[in-house]
Each structure stands twice: as structure tokens, then as C-alpha cells.
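The values are calculated or read from the model by the stated rules, or taken from the named source; none is laboratory data. Owing to the predicted nature of the structure, the values given are computational and were not obtained by experimental measurement. Here Cβ is always computed from backbone atoms with ideal geometry, including for glycine, and neighbour counts include all displayed protein chains.
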Amino acid sequence: MAKAVLGALITALVIKLFLFDLIIAEGDSMEPAIRSGTVLIINRLQYGFRFPGQPGYLLRWGIPRQGEVVVFYTPSGGLAVKRCGELAEEGYFLALGDNSLQSYDSRSYGPVAVDKITGKVLGFK
């Protein structure tokens, strides 16, 4: 029984760290599409493979497309959920909140490195 519980915990940890994650949206920057308190499902392997806490991808096989909603680290180090605007210079994208009047995004801090993305929002409830 203890081995089964330990195996389940290890499996859950691997899934959370490397494959999928759940986060709760905070703030009004993505309204009306995503309201504060919404649970988001994040695909951590959408654009590549990275070890948690590492500054970039170990292997990258994709970049976000315009319109995709991504989770990334802001220049100040916090996590943010924003829509990918156009790709800027090589390796950078514009992060834009749907609610432009309430959004702290690339209009304030400029383009964001693709390596700062931790995953793509797959869905929400």
C-alpha cells in the first residue's frame, strides 16, 4: 500500500513539474475571456522541454502563435497569463492582456523572451 501511494505521489509530481499544471488566474487583465479565480490548465510541453526553475528550454520545438494564451515570467519575475501578440524580434513576443485598460503587459515592459514561457493555456473552468 505504501509503495502504491509513493508511486502515485511521484507520478503526480512528475506530471505537475514537466507535463501539465493547474494555476488560478489572478487579476482582471484577461477579462472577459479569463476572469480572476479561474482555474487554468497549462501544457508545459507545448513549446519545448525545460527543467523547473531553469532560465530557458533545454530543447525547444515550437514558438507561440499569435492569439495563443501563454503563462510566462515577467521581467519583474512574477508569473503572468497573457495572449501572444505578434512575434517581435527573433526569440521575443508581445504579451498582451485582453483587457488593455487593466493589463500590465508588453505595452509597459516591452517584448518578452520566448524562453520565459512556462506553458500554453489549454483550457479553463
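Restricted to the range 96-112, and to residues there that are among the hydrophobic types (A, V, I, L, M, F, W, C) and touching a residue at least 12 places away in the same chain (Cβ under 8 Å), the residue that is farthest from ILE34 (Cα to Cα) is VAL112. Scanning the range 2-39 for residues that are at negative phi and outside any helix (DSSP H, G or I) yields a count of 18.
None of PHE51, PHE72, PHE93 is without any contact (Cβ under 8 Å) to a residue 40 or more places away in the chain and in a strand (DSSP E or B) except PHE93. Scanning the range 96-122 for residues that are under 12 Å from the mean Cα position of the chain (by Cα), assigned to a strand (DSSP E or B) and not β-branched (Val, Ile, Thr), we see that the one that is surrounded by the fewest Cβ atoms within 10 Å (Cβ to Cβ) is LEU122. Test GLY53 against the criterion of being within 16 Å of ASP21 (Cα to Cα) and exposed (fewer than 12 other Cβ atoms within 10 Å of the Cβ), and give yes or no. When the stated conditions are applied, GLY53 passes them. Consider the range 74-96 and keep the residues that are of a type in the set (D, E, K, R) and touching a strand residue (DSSP E or B) at 6+ places or on another chain (Cβ under 8 Å). The one that is modelled with the lowest pLDDT is GLU86. Evaluated against (1) surrounded by fewer than 17 Cβ atoms within 10 Å (Cβ to Cβ); (2) aromatic (Phe, Trp, Tyr); (3) touching a residue at least 24 places away in the same chain (Cβ under 8 Å), TRP61 falls short on exactly one condition, (3).
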